[in-house]
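All remarks here apply to the structure that follows.
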Amino acid sequence: MSGGKKAFLAVRNIVIIVVALGALAGLKFGWDKIFESDAKAASVGDCLQNKGSNISPDMASADCSSSAAEYKVAEVHDDTTETDLCDAKKYVAYTETSGSRKSRTSVVLCLTPMKSTG
């Protein structure tokens, strides 16, 4: 094998290893962000709709000007399940927890119900 071909193969193998390690790191540290729920990604001012039921809610993003929007996020409390952080007289508290036992993440959203325009 010529020196140029050996150098090419060595560089190619290094590139493959670097890309593979980058992909693994992305999966390890970014997988939850890729599949993060709309509720966990919500910020103050965002609007949500409940695509589930009151017993088993499934919060999804909604355009605040759309009739589908049911709640507006007033407060976000990361890494807790303490719904008492939301003033029960002003807000509806919603909590969501996900992940494995070692890397569990949770959020409490204090939601303002939106008035129906129809």
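Taking the criterion of being surrounded by 13 or more Cβ atoms within 10 Å (Cβ to Cβ) and more than 15 Å from Val92 (Cβ to Cβ), the only residue of the stretch 65-77 that qualifies is Ala68. Among residues of the stretch 43-59 being surrounded by 16 or more Cβ atoms within 10 Å (Cβ to Cβ) and of a type in the set (A, V, I, L, M), the one that is farthest from the chain's Cα centre (by Cα) is Leu48. In summary, Ala23 fulfils each of the numbered conditions (1) surrounded by 13 or more Cβ atoms within 10 Å (Cβ to Cβ); (2) modelled with pLDDT under 90 with the single exception of condition (1). Listed by first and then second residue, the pairs linking a residue in the stretch 61-83 that is under 17 Å from Ala41 (Cβ atoms) to a residue that is of a type in the set (D, E, K, R) and modelled with pLDDT of 90 or more, with Cβ atoms under 8 Å apart and 6 or more places separating them unless they lie on different chains, are Ser61/Asp46; Ala62/Glu70; Cys64/Asp46; Cys64/Lys72; Ala69/Asp63; Lys72/Asp46; Val73/Asp46; Ala74/Lys90.
The values are calculated or read from the model by the stated rules, or taken from the named source; none is laboratory data. None of the values given here were measured: they were computed from a predicted structure. All Cβ positions, even for glycine, are placed from backbone atoms using ideal geometry, and neighbour counts span all protein chains on display.
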